[in-house]
Amino acid sequence: MKEQVMEYASGNEMAAIAIKQIGYDLMGYYPITPSTQIAENLDIMRANGETDLVMVAAEGEHSAAGICYGASVAGGRVVNATSANGLLYAIEQLPVQSGTRYPMVMNVVCRTVSGPLSIKGDHSDIMYILNAGWPILFASTVQQVYDFNIIALKLAEQVRLPVVVAYDGFFTSHQKGRCFRFAEDEAVKAFIGGKKEEYPFLDIEHPVTVGSYMNEPDLINNRYQLHLAMEEADRLLPELFASYKELSGREYGKVEGTCCEDAENILVLLGSSYDTSIDAVAELREQGKKAGAATLHVLRPFPGKELFELLRNARNIMVADRQDSYGAGGGNLSLEVRAAMQKFGSNTVIKSLVYGLGGKDFFKEDAKSMLALTEDISQPDFAYYGVTPGKENLSEREPLFAPVTRERTNIGATKVERKAETEQPEIGIEKVTNSTELSEQIKESIKVTGGNLNAVTAMPGRIAPGHGACPGCGIPVNLNLLLRGIEDPVVFLFQTGCAMIVTTAYPKTSFKVPYLHNLFQNGAATLSGVAEICYRKQQKGEIPPGDIIFIMVSGDGGLDIGMGSAIGTALRGHRLLIFEYDNGGYMNTGYQLSYSTPLGAKSSTSHVGKEQYGKTFFHKDMPQIMAATGIPYVATVAESNPTDFIKKAAKAAYYAKTTGTAYVKAISACPLNWNDKPATERRVIEAAVNCCYFPLYEVEQGVTRLSYDPEKTGKKIPVSDWLSMMGRTKHLQKEEYKEVVQRLQQETDTRFYNLKKKSEEA
């Protein structure tokens, strides 16, 4: 045995420790609860110089999987971590990697698959990849998370397959426990051994082609080889468990049971619930009841023979699933346990329950109840456990609020004809071309009347007073300012993020208008489908005619992973409005860096330490990206300039209902993660505008116009003044980070200069 030290840590922390000790080359990742802590802990180690792991923050899980695949093909040791819909978003890449036989390890921190959205732990995600060709180890304790991460890489490289280490979200990932790790990293490295490549991809003298096009019979042969590799994994696992026991003193098998030798009734579960069931079995044994419990440490290859040997003496078996294979009469674990027992000749009565969905707690009393149900002859073969009955008569429910009716106010955006060549519109930029006869071709513009704060007080409220946002959060402020400029009826789609979470916690809602949620990566496309059906129904006379403004609300980095969908929607020209509240990070998952986080800002995936100064690359210029699609209207707004905000909202709504896609971006305060005070947020926002980090402008029909020039008003300030107002960037005031601030100042000045030049040429 090698020397070990005790840790009091969570599953995610122990996964990060194992990854660090293994000495991986690269981690491609994207934040998603509850797996994000793995990357966060590794980033702390990176900042402190404890690991040289290359960490690539992708814009979504699909790309993260691609990054990992490319790195593994190139011969690197590669790791990833994800959960729930992130796993499903990446799933297309999983058979690619197993089919081309490149090893890596991915931690899947199991969580409910949306929708509806839930971040709590169950097993609905892991069961989607049973057919992906990846061996799957399932850890039920914090200690096993550490141990299985080490075993997984050795298995992966011996059979040349990528391997999953799965464990329960929050129950195992976040709860701390006493466990052991090896004192020296070298003990881990020696156990795994050196990386061997049979066909090195980067051997330029001996080039290979990876991922060829295949037809029959080659494809079936490829799949057969994958099958053989899985059989080899099945054969090797006992050897790996045995050799790891010699190293650590901890013994594992493909399956594990308590009191199963003479048990009449056995409860089979996955994950953290097994430990709870052990306590329940102990108490039942004291009462003279022959109860037992069992779990699986390996889902793929499925340990049918070992499971049969463990359960063969039972009279009754209850398989409890934290997941349902809808329409199959049980979850995937239940179906496979039944098949395995039948295959090896068992006549044991097997029943199944679906329990604990959405992270519903599992207590010792639940385990006792489930064991009692195994011998209850009235208990059906399959049922749900812990379901709460709902109300039966919903037809008599009363509305939570009075219907919102359309009310004309004194704000409006209208198209006006140009009367004279020298006349300028009150608000707006004319349509232009590159023709030398430009002045003759400009015939119309959009004029906004009204729009000051007093003038829009009569606007009917579309958002109810109640929400769960943090004090000082800019989201409600920005949403209300946006709606102040739109008098037409609206339909909302919110991408996942803080705005969605704090306004729609079931069974309440903050919206008095139609509202739809979809995930980060597909919001704009989803809303385009809604809009097109609305227009079609209006044309067919199925719903009343009239203007409706379709608004997608995105933030918390949603236009990183969702940028492709947004650009596609814009290029197709759907009549809708994309509104982005830019709070500079993935705030809803605990503030990881996003592509809109400022250079140098610290976050939970861009820590500050002797080897790292915060985020290492510039913020994404999303307004310019959207402007490049050729949509009719793009604008930036800030709560520090409310009248400008409202008038741009009105203009965006006009284009969204008449012409095509409009895009509006607001800088949005987040006191919790910016690490400043809620009462000062208006001044912080104003400083972002005055230092030109967040310039206010619009691009209308291809023409750029500055809405506010702090240089002309004498209010321009250095970027460092704005950075000093937030805890996330205060470290940049130190002399050692002077060059970082200079780089950000230069980039800010360059972007503002280009905008100003375009505006002056308009």
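The values are calculated or read from the model by the stated rules, or taken from the named source; none is laboratory data. Please read these numbers as outputs of a predicted model, since none were measured by experiment. Cβ: placed from backbone, ideal geometry, glycine included. Neighbour counts: every protein chain shown.
Numbers at a glance
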| read-out | value |
| --- | --- |
| Residues of the range 549-598 classified as without any contact (Cβ under 8 Å) to a residue 24 or more places away in the chain and touching an Asp or Glu at 6+ places or on another chain (Cβ under 6 Å), total | 0 |
| Any hit, the range 1-15, residues being surrounded by 22 or more Cβ atoms within 10 Å (Cβ to Cβ), β-branched (Val, Ile, Thr) and in contact with a strand residue (DSSP E or B) (Cβ under 7 Å, 6 or more places away or on another chain) | no |
| For residue 214: the one exception among (1) surrounded by fewer than 19 Cβ atoms within 10 Å (Cβ to Cβ); (2) of a type in the set (A, V, I, L, M); (3) assigned to a helix (DSSP H, G or I) | (3) |
| Residue match in the range 12-25 (condition: among the hydroxyl-bearing types (Ser, Thr, Tyr), under 19 Å from residue 58 (Cα atoms), at pLDDT 95 or above and not in a helix (DSSP H, G or I)) | yes |
| Test for residue 75: is it closer than 22 Å to residue 194 by Cα, without any contact (Cβ under 8 Å) to a residue 24 or more places away in the chain and out of contact with any Cys (no Cβ under 7 Å at 6 or more places or on another chain) | no |
| Failed condition for residue 661, given (1) in contact with a helix residue (DSSP H, G or I) (Cβ under 8 Å, 6 or more places away or on another chain); (2) within 30 Å of residue 468 (Cβ to Cβ) | (2) |
| Test for residue 64: is it of a type outside the set (Lys, Arg) and either in contact with a Cys (Cβ under 6 Å, 6 or more places away or on another chain) or touching a residue at least 60 places away in the same chain (Cβ under 8 Å) (or both) | no |
| Flag if residue 644 is within 24 Å of residue 455 (Cα to Cα) and in the same structural domain as residue 535 (by TED's automatic domain parsing) | yes |
| Matching residues in the range 263-279 - criterion: being hydrophobic (A, V, I, L, M, F, W, C) and surrounded by fewer than 24 Cβ atoms within 10 Å (Cβ to Cβ) | 278 |
| Wholly enclosed strands (runs of 3 or more DSSP E) of the range 660-727 bearing at least 2 residues at pLDDT 95 or above, over 29 Å from the mean Cα position of the chain (by Cα) and surrounded by 17 or more Cβ atoms within 10 Å (Cβ to Cβ) | 697-700, 703-706 |
| Filtered residues of the range 291-340 (kept if under 20 Å from residue 165 (Cβ atoms) and among the hydroxyl-bearing types (Ser, Thr, Tyr)) | 295 |
| Test: residue in the range 33-41 that is free of Cβ contacts under 8 Å to residues at least 40 places away in the same chain, assigned to a helix (DSSP H, G or I), under 28 Å from residue 556 (Cβ atoms) and touching a helix residue (DSSP H, G or I) at 6+ places or on another chain (Cβ under 6 Å) | yes |
| Single residue of 267, 237 found to be in the same structural domain as residue 156 (by TED's automatic domain parsing), touching a strand residue (DSSP E or B) at 6+ places or on another chain (Cβ under 9 Å) and either part of a loop (DSSP other than H, G, I, E, B) or closer than 20 Å to residue 336 by Cβ (or both) | 237 |
| Residue match in the range 741-752 (condition: outside any helix (DSSP H, G or I) and out of contact with any strand residue (DSSP E or B) (no Cβ under 7 Å at 6 or more places or on another chain)) | no |
| Contacts under 9 angstrom Cβ, first residue in the range 159-171 being in contact (Cβ under 8 Å) with a residue 40 or more places away in the chain and surrounded by fewer than 24 Cβ atoms within 10 Å (Cβ to Cβ), partner part of a strand (DSSP E or B) and β-branched (Val, Ile, Thr), 6 or more apart | 170/109 |
| Total residues in the range 237-296, condition closer than 24 Å to residue 148 by Cα and free of Cβ contacts under 8 Å to residues at least 12 places away in the same chain | 4 |
| Of the criteria (1) touching a residue at least 12 places away in the same chain (Cβ under 8 Å); (2) of a type outside the set (Val, Ile, Thr); (3) surrounded by fewer than 18 Cβ atoms within 10 Å (Cβ to Cβ); (4) in a helix (DSSP H, G or I), which one residue 546 fails | (4) |
| Count of the range 631-668 residues which are over 15 Å from residue 566 (Cα atoms) and among the β-branched types (Val, Ile, Thr) | 7 |
| Listing of helices (runs of 4 or more DSSP H) fully contained in the range 275-391 that carry 3 or more residues being in contact with a strand residue (DSSP E or B) (Cβ under 7 Å, 6 or more places away or on another chain), closer than 29 Å to residue 233 by Cβ and not acidic (Asp, Glu) | 304-311, 332-343 |
| Which numbered condition residue 197 fails, given (1) under 27 Å from residue 19 (Cα atoms); (2) not in a loop (DSSP other than H, G, I, E, B) | (2) |
| Residue in the range 523-540 that is touching a Gly at 6+ places or on another chain (Cβ under 6 Å) and modelled with pLDDT under 95 present | yes |
| Strands (runs of 3 or more DSSP E) completely within the range 51-140 that count 3 or more residues being crowded, with 24+ Cβ neighbours inside 10 Å and over 13 Å from the mean Cα position of the chain (by Cα) | 78-82, 105-110 |
| Residue list for the range 451-479, restricted to those being aliphatic (A, V, I, L, M), under 22 Å from residue 685 (Cα atoms) and in a helix (DSSP H, G or I) | 475, 477, 479 |
| Qualifying residue in the range 158-174 (condition: basic (Lys, Arg) and assigned to a loop (DSSP other than H, G, I, E, B)) | yes |
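Here is a yes/no grid of residues against (1) under 18 Å from residue 139 (Cα atoms); (2) among the hydrophobic types (A, V, I, L, M, F, W, C):
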site: 12; (1), (2): yes, no
site: 31; (1), (2): no, no
site: 54; (1), (2): no, yes
site: 76; (1), (2): no, no
site: 81; (1), (2): yes, yes
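Here's the yes/no breakdown for (1) polar (S, T, N, Q); (2) buried (at least 19 other Cβ atoms within 10 Å of the Cβ); (3) modelled with pLDDT of 95 or more; (4) out of contact with any helix residue (DSSP H, G or I) (no Cβ under 7 Å at 6 or more places or on another chain):
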{"position": "198", "(1), (2), (3), (4)": "no, no, no, yes"}
{"position": "210", "(1), (2), (3), (4)": "no, no, no, no"}
{"position": "227", "(1), (2), (3), (4)": "no, no, yes, yes"}
{"position": "251", "(1), (2), (3), (4)": "no, no, yes, no"}
